[in-house]
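Every number in this text was worked out from the coordinates using simple rules, so none of it is lab data. As the structure is a prediction and not an experimental result, all values here were calculated from the model. Cβ sites come from the backbone with ideal geometry, for glycine too, and all protein chains shown count toward neighbours.
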Amino acid sequence: MTASFAWQKSTYSQDGGDCVELTAQGGAVLLRESDNPAVVLTTTRKDLALFLRFLKAAPTAPVRRG
C-alpha cells in the first residue's frame, strides 16, 4: 500500500535506517519509521504542526527508549 507513495525524510537525517519519513495524501499526513515501514501513522497537517510546536517548546529533548 505505502510503496507507491513519495516518502520524504529530513535533510538532517543521515544514511542510517532510523529516520522518520512522511508523505502527504489528500488531507492526511502519513508518518513511518524507516526501520519498520509497514507501520504507518496517519494524522492531519494541523495536528502534526501542533505536535511539532510542542516538541520544539519542550525544555529538553524527549528521551528515546527501546
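Tabulated data
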read-out	value
Total residues in region 35-66, condition part of a loop (DSSP other than H, G, I, E, B) and either surrounded by 12 or more Cβ atoms within 10 Å (Cβ to Cβ) or hydrophobic (A, V, I, L, M, F, W, C) (or both)	3
Enumeration of residues in region 23-34 that are free of Cβ contacts under 8 Å to residues at least 24 places away in the same chain and either surrounded by 12 or more Cβ atoms within 10 Å (Cβ to Cβ) or within 13 Å of TRP7 (Cβ to Cβ) (or both)	THR23, ALA24, GLN25, ALA28, VAL29, LEU31, GLU33
Sole residue being of a type in the set (Ser, Thr, Tyr) and touching an Asp or Glu at 6+ places or on another chain (Cβ under 9 Å), chosen from SER4, SER34	SER34
Within region 8-34, tally of residues that are outside any strand (DSSP E or B), within 12 Å of the chain's Cα centre (by Cα) and not small (Gly, Ala, Ser)	2
